[in-house]
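Trainee: Have a look at this one.
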Amino acid sequence: MTDILIAGGAGYIGSHTVKALLRRGARVVVLDDLSSGRAEFARGAELVVGDLTDRAAVEAVFRRRRFEAVLHFASLIQVGESTADPRKYYARNLVSSLNLLGATLDGGAGSFIFSSSAAVYGVPREIPIPEDHPLEPYNPYGRTKAVVERMLADYGRAYGLRYVSLRYFNAAGADPEGDLGEVHDPETHLIPNLILALLGRRESLDVFGTDFPTPDGTAVRDYIHVVDLASAHVLALEHLLAGRPSDVFNLGTQRGHSVREVIAEAEAVTGRKAPVRDRPRREGDVPVLLASKAKAERVLGWRLEHSDLQTILRTAWDWHRKA
Ligand code: UFG
């Protein structure tokens, strides 16, 4: 393959994608400030420790080498924190994207892949959500993702930038070989928190909201295995390198699981009982989020291999148990 720059390649989804691309024979440089990533997650790649909001640092990476493609995973991701401290989110997520996109254009890299989110849709008007659903994010995190998507479209029209934007639904699970997994501090996501409760590393799992208009009253989400996310990035890269047009894809399974279903399946997988506390809804949580996955299948030839709930929970459990 080719020379690829992966911003945020030491983080959760980025590192799984680094591994998938190295396996395809790509030469990978990871640019990461290690604020939430881990150096050992970038093994096999050349790691440059640097801050994407530092324009000179970003430009210096591009002066050393010509990249054919740039993948941009680096982002602050906590919805709640983005509402409490929007300034931090706009500064970090937008300035880092501005710098990386500018250096990509100046450096002549022809292809750009952006980590977007289901959060760009806001409260869904239809389920499953198609890619042409209006972008109505309801929190600053989602708004930063939507703004970068608009920038990509503008840069595409004006400067010929070729890009794919991938809207992740609920990323979960871990590398089946046990090299990589999910580490967030603080952890806010359902599956890692559930596993930490099953391992006795947290007192209990809070179930946020039991009065949603869903069959069991808890919120329904579309959990997608991180290895299936990584394979979508490989396909998106091949799509762009083959000269095919810029596009936007949902990455989800189109199947939903409620919080209570996830808990029950985790108990079945681990043979343990989760200590659970029912709590009020978390601000901003919608009842149901489900991706339409038809477009990624049709255009990219994407196929899910690891995203059944049992595999997600088993790989996540194996990772956390030894972490
Ligand atoms: N939940 C709990 N207890 C927890 C954590 C979560 O009950 O300890 C519930 C949430 O209320 C929600 C579901 O489990 O109903 C999933 O919550 P996550 O925090 O795991 O994921 P979200 O759906 O809130 O967020 C995900 C991504 C975000 C993205 C969002 C799109 O992590 O980056 O989808 O709306 F913005």
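None of the figures in this text is laboratory data; all of them are computed from the coordinates on show. For clarity, every value in this text was computed on a predicted model and none was experimentally measured. Note that each Cβ is placed from the backbone with ideal geometry, even for glycine, and that neighbours are counted across all protein chains shown.
Trainee: Quick one: order HIS16, HIS306, HIS184, HIS233 by neighbouring beta-carbon count within 10 Å, fewest to most.
Mentor: Ranked by crowding around the Cβ, least crowded first: HIS184, HIS306, HIS233, HIS16.
Trainee: Give the calculated FRET efficiency between ARG65 and GLU136 to the nearest 0.05, with a Förster radius of 41 Å applied to their Cβ-Cβ distance.
Mentor: 0.55
Trainee: Within region 221-245, whose backbone N sits under 19 Å from a point 7 Å along Cα→Cβ of ARG43?
Mentor: Hits in region 221-245 for ARG43 at 19 Å: 227.
Trainee: Taking the Cα centre as origin and putting +1 on Lys and Arg beta-carbons and -1 on Asp and Glu beta-carbons, what dipole magnitude results for region 14-90, to the nearest 20 debye?
Mentor: Dipole size: approximately 440 debye.
Trainee: If you don't mind, another one. Using a Förster radius of 30 Å, what is the FRET efficiency between ALA242 and TYR90 based on their Cβ-Cβ separation? Nearest 0.05, please.
Mentor: Efficiency for this residue pair is about 0.30.
Trainee: What number comes out for the charge environment of PRO134, summing +1 per Lys or Arg and -1 per Asp or Glu over other residues with Cβ under 12 Å away?
Mentor: Working: positive: ARG125; negative: GLU126, GLU131, ASP132, GLU136.
Net of charged neighbours comes to -3.
Trainee: In terms of Cα to Cα distance under 30 Å, which lysines are near enough to LYS293, apart from those fewer than 8 places away along the same chain?
Mentor: The reachable lysines, counting only those whose Cα sits under 30 Å from LYS293, are LYS19, LYS145.
Trainee: To continue, here is another question. What whole number of Å gives the distance from the Cα centroid of region 1-61 to the Cα centroid of region 218-248?
Mentor: Taking the Cα centre of each part, region 218-248 and region 1-61 sit 18 Å apart.
Trainee: Using amide H atoms built 1.01 Å from N in the peptide plane, name the residues 5+ places from ARG202, or on other chains, whose amide H lies under 5 Å from its own.
Mentor: ALA197
Trainee: Quick one: what does P(r) look like for region 132-216 with 10 Å bins over all Cα pairs, in whole %?
Mentor: The calculated distribution, bin by bin, is 12, 28, 31, 21, 7, 1.
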